[in-house]
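The values are calculated or read from the model by the stated rules, or taken from the named source; none is laboratory data. All values derive from a computational prediction rather than experimental measurement. Counting neighbours? That spans all protein chains shown, and the Cβs are built from the backbone with ideal geometry, glycine included. Side chains are part of the model used for accessible areas, which takes the heavy atoms of the whole protein and leaves out ligands, DNA and RNA. Shrake-Rupley method; radii C 1.70, N 1.55, O 1.52, S 1.80 Å.
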Protein chains: 2
Amino acid sequence: MTPATPARAALIALDWGTSSLRAYRLDNAGRTLDTRHLPWGIMRLPQPLQDGAASTPLSGFDLAFDQACGDWLRAEPTLPVIACGMVGSAQGWQEAAYLDVPVDLERIGTLLTVVERHAAGPNATPLHIVPGLIQRHGLPNVMRGEETQVFGVMFDQTRGSDAHPADNVLIGLPGTHSKWVNARRGRVTHFDTFMTGEVYAVLRGHTILGRTMSEAPAPDMAAFERGVKVAGAPAGRAGVLSTIFSTRALGLTGELASTSQADYLSGLLIGHEIAALARMLHEQGELPRIVLCGDPALCERYIVAMQHYGLGTPEQAQNATERGLWHLAVCAGLVKAPPLTSASA
Amino acid sequence: MTPATPARAALIALDWGTSSLRAYRLDNAGRTLDTRHLPWGIMRLPQPLQDGAASTPLSGFDLAFDQACGDWLRAEPTLPVIACGMVGSAQGWQEAAYLDVPVDLERIGTLLTVVERHAAGPNATPLHIVPGLIQRHGLPNVMRGEETQVFGVMFDQTRGSDAHPADNVLIGLPGTHSKWVNARRGRVTHFDTFMTGEVYAVLRGHTILGRTMSEAPAPDMAAFERGVKVAGAPAGRAGVLSTIFSTRALGLTGELASTSQADYLSGLLIGHEIAALARMLHEQGELPRIVLCGDPALCERYIVAMQHYGLGTPEQAQNATERGLWHLAVCAGLVKAPPLTSASA
């Protein structure tokens, strides 16, 4: 048996965060040929072997990198490699810059940090890390990885048939730390962070609220919506530090089953996030176009909350990270820009 | 050597919560003769011996009880014993009732739950557990233990030289779960819960915010005040799920030392609690008298926040739990009411 010749690739793109690592092999039109999902986030890398004989021992980063794309590089050694996310943080492989907001998105691609992988040999392909963004006005704010998703969303927006690249766009990236990013004319102008996902996880895992919860056989969207509504109701005016306690109290009064409490809490937290966002947006006047990008089940929850708080139904973007990494690599000159007809395929 | 005859007691009072147990031996004027502090909260009781021979094995509750006051009872076997707190919860020794708010405080003392301690022998002194309070209007709310502190504060208020028992009083009980209790004419009319203390502990112990914090040699009250102010400033309008991320971001921008981040986060959380409370109070019109009761260092932080948000400087109450347990025991007929002159000593 002769193995099939693999399709020729043009770029290896890594989405390397705190808890996981995704690797993409992309062709010369930016189309995804292969995807891998590994558990090697920067906070839980594979352990290097304690081998005193090795002159340049491989780090956990080297090992994770090799598992993610070593075989792809051995098959095509000249492929460039680009990465975004916490791999560029102070706790990452090498610290990449933060660019100050407001910033033109295309500028991001010209300021990649190059990591020479000496431990992998003298001619090892280097890794190019995308910079993060920092906002210094008001309360400071930072992102690493989400700038690439924003790039992916914005690029595809400007290629869409009804796109208005000059419009105000608000891009929502729900997750462990939700980001809401304002962009206009290819420029990121402002962003906010909400620690909603991480707060949910610790309230459920490490406080008294988790003690009365039990696993539900399926998501209880009615309990979720109930929480969403409380966040903006008169009963919720004391704020999230107060309303979360009702998860327990409603259980004690027999008004909320143990299997519904996690979804109710999720609704409260996402509800407080979206109620605050809606208040800020309505104060500013006209609503921007809103594009949501993230895990589909989580986006569905955000859409319920956005509809409840008068933000309408957002557009949804797919595959923003790999689209963003591809177009950043084009901006950086790591790959040649494809003809538009291919890119829009 | 003859041991000194111990002063005669009239009551044993237990403040028995989730994480600790305090025992008080009180004389016939309600004065404290002895105090003990044990780590035997209801969620971490001593382990019973696995002794197959015992016909009625002692539970963790029995063992903790014996360590708290067994010798006091052996010296004076007729002493009544009263307890408040989570010992009366579904996870406690025996579930005590919840009384519906609004409720007259004196009624609390007439509805104690009696726990017969069969494992300790046929004539063992029973334990009397104080009921909790439940509020069913709006979002439901519950307390166990704080009703006793409120009783202690209110009783001493009505005995004070400038007391106005008919006044509206707002009693603040900062802690793991802060309670703010409205009382009028000896009647609890409403209360709110904020999970501020527990949220602080899990954000510090289990989220990315804790990773950049380091121990401070002393409290950094300037960092605390900075957090308090952010909570009510335009920069804080996105709410606490958003502002807490600035703890990390200010560290990354070099504007907040690692040793100051915990106090800044404490300021943010207490600031959001007090800002919400102040908004609700100002909407209601005239401010009530406010009495604060709790750990002195924590109360100091709350006072800074209350001054910042226009609530003035509250009165402070001392020893509210033991005062409350004493007066509840009087209401319940467990001990005889002392002459007023002694009680006010």
Requested in this report: Would you mind computing, in nm to one decimal, how far apart the modelled labels at A:HIS118 and A:GLU300 are, each placed 7 Å from Cα along Cα→Cβ?
Outcome: 5.1 nm
Query raised in the report: Protein chains only, probe 1.4 Å: how do A:TYR309, B:TYR264 rank by accessible area, largest first?
Result: A:TYR309, B:TYR264
**Report entry** Solvent-accessible area per residue, Å², over the protein assembly as shown with all protein chains present [probe radius 1.4 Å]
**Finding:** 43 Å²
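Count, for each residue of A:246-256, the Cβ atoms from other chains sitting within 10 Å of its Cβ, then give me the mean as a whole number.
4
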Query raised in the report: What residue among B:TYR200, A:GLN284, A:ALA13 has its Cα farthest toward the positive end of the dipole of the protein assembly as shown, where the charges are +1 on Lys, Arg and -1 on Asp, Glu, each on the Cβ?
Result: A:GLN284
Query raised in the report: In segment A:217-242, what residues drop by 20 Å² or more in accessible surface going from the chain by itself to the full protein assembly, probe 1.4 Å?
Result: A:ALA235, A:ARG237, A:ALA238, A:VAL240, A:LEU241, A:SER242
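Tell me the net charge near A:ARG25. Cut-off is 11 Å between Cβ atoms, A:ARG25 excluded, with +1 for each Lys or Arg and -1 for each Asp or Glu. The partial results should precede the final answer.
Working: positive: A:ARG8, A:ARG31, A:ARG36; negative: A:ASP27, A:ASP34, A:ASP71, A:GLU76, A:GLU322.
Overall, the nearby charge balance is -2.
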Query raised in the report: Between segment A:91-112 and segment B:256-271, what's the alpha-carbon centroid distance in Å?
Result: 28 Å
Report summary line: Residue-ordered couplings for segment B:311-328, obtained by feeding phi - 60° into the Karplus form 6.51 cos²θ - 1.76 cosθ + 1.60 and rounding to whole Hz (Gly and Pro as x), are 9, x, 9, x, 5, 10, 10, 10, 6, 5, 5, 5, 5, x, 4, 4, 5, 5
Query raised in the report: What is the antiparallel percent of DSSP beta bridges lying wholly in chain A, to the nearest 5?
Result: 65 percent
Requested in this report: List the distances, in nm to one decimal, from the label point of B:ARG74 to the label points of the same position in every other copy, shortest first, placing each label point 7 Å from Cα along the Cα-to-Cβ direction.
Outcome: 7.4
Report task. Please give every one of the aspartates and glutamates within straight-line cross-link reach of A:LYS229, meaning a C-alpha to C-alpha distance under 17 Å, and leave out same-chain neighbours fewer than 8 residues apart. Result -> A:ASP220, A:GLU255, A:ASP263, A:GLU273, A:GLU300
Query raised in the report: Picking from A:PRO174, A:GLY236, B:GLN261, whose Cα lies most toward the positive end of the charge dipole for the protein assembly as shown (charges on Cβ: Lys, Arg +1; Asp, Glu -1)?
Result: A:GLY236
Requested in this report: Convert each backbone phi in segment B:287-295 into a coupling constant with the Karplus relation 6.51 cos²θ - 1.76 cosθ + 1.60 (shift: θ = phi - 60°), then list the ³J(HN,Hα) values in order as whole Hz, x for Gly and Pro.
Outcome: 6, x, 5, 10, 10, 10, 8, x, 3
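Quick one: order A:ASP167, A:ASP104 from most to least accessible surface, probe 1.4 Å. If you can, show how the numbers build up before the last one.
Working: A:ASP167 50, A:ASP104 70 Å².
Accessible-area ranking of A:ASP167, A:ASP104, largest first: A:ASP104, A:ASP167.
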Report task. Name the long-range amide H neighbours of B:LEU33: under 5 Å, sequence gap of 5 or more, or other chain; modelled H, no Pro or chain starts. Result -> B:ARG25, B:LEU26, B:ASP27
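Once a ≥ b ≥ c are taken as the square roots of the eigenvalues of the Cα gyration tensor of segment A:196-258, is the result rounded (a/c under 1.5), prolate (a/b larger than b/c) or oblate (a/b not larger than b/c)? List each step's numbers first, then the result.
Numbers: a/c = 1.38, a/b = 1.20, b/c = 1.15.
Rounded shape, in that the Cα axes give a/c under 1.5.
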Query raised in the report: Using θ = phi - 60° and the Karplus form 6.51 cos²θ - 1.76 cosθ + 1.60, what ³J(HN,Hα) does each residue of segment A:33-44 get, whole Hz, x for Gly and Pro?
Result: 8, 8, 9, 10, 10, 10, x, 8, x, 5, 8, 8
Query - Chains B and A together, accessible area buried on both sides, 1.4 angstrom probe, square angstrom - result: 4100 Å²
Report task. Take peptides A:105-113, A:27-35 and line them up by average Cβ neighbours within 10 Å, highest first, as a rough protection proxy. Result -> A:105-113, A:27-35
Query raised in the report: What is the mean number of Cβ atoms from other protein chains located within 10 Å of the Cβ atom of each residue in peptide B:194-203, rounded to a whole number?
Result: 6
Report summary line: Listed by chain and number, the residues whose amide H is under 5 Å from that of B:ARG117, excluding neighbours fewer than 5 places away on the same chain and using placed H, are B:LEU127
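For every other residue with a beta carbon closer than 15 angstrom to the beta carbon of A:LEU203, add +1 if it is Lys or Arg and -1 if Asp or Glu, then tell me the sum. If you can, show how the numbers build up before the last one.
Working: positive: A:ARG204, A:ARG211, A:ARG248, B:ARG204; negative: A:GLU198, A:ASP263, A:GLU273, B:GLU198.
Net of charged neighbours comes to 0.
Can you give the local net charge around B:GLY70? Use residues other than it whose beta-carbon is closer than 14 angstrom to its beta-carbon, Lys and Arg +1, Asp and Glu -1. Display every interim value, and only then the final one.
On the way: positive: B:ARG25, B:ARG36, B:ARG74, B:ARG117; negative: B:ASP34, B:ASP62, B:ASP66, B:ASP71, B:GLU76.
Charge balance near B:GLY70 sits at -1.
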Query raised in the report: Considering only the label points, 7 Å along Cα→Cβ from Cα, what distances in nm to one decimal separate B:THR176 from the same position in each other copy, shortest first?
Result: 2.8
Requested in this report: Mind giving me the FRET efficiency for B:HIS190 and A:THR259? R0 is 22 Å, r the Cβ-Cβ distance, nearest 0.05 is fine.
Outcome: 0.15
Query raised in the report: To the nearest 10 Å², what's A:THR176's accessible area with a 1.4 Å probe?
Result: 90 Å²
Query raised in the report: Once you average over the residues of A:89-97, how many Cβ atoms of partner chains fall within 10 Å of each Cβ?
Result: 1
Query raised in the report: Accessible area of A:CYS331, 1.4 Å probe, to the nearest 10 Å²?
Result: 40 Å²
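Sort B:GLU315, B:GLU322, A:GLU273 by accessible area with a 1.4 Å probe, largest first. Could the numbers behind the result be given before it?
Values: B:GLU315 80, B:GLU322 25, A:GLU273 0 Å².
Putting B:GLU315, B:GLU322, A:GLU273 in descending order of accessible area: B:GLU315, B:GLU322, A:GLU273.
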**Report entry** A:GLY294 long-range amide H proximity, modeled H, under 5 Å
**Finding:** A:ALA317
Query - Carbon + sulfur, % of accessible area of the protein assembly as shown - ligands and nucleic acids excluded, 1.4 Å - result: 51 percent
Query raised in the report: What nm value, rounded to one decimal, do you get for the distance between A:GLU315 and A:ALA218 when each label is placed 7 Å out toward the C-beta?
Result: 3.2 nm
Query - Spin-label model distance (nm) - A:ARG204 vs B:GLU95, 7 Å beyond Cα toward Cβ - result: 2.6 nm
**Report entry** Other-copy label distances relative to A:GLY121, 7 angstrom Cα-Cβ extension, nm
**Finding:** 8.3
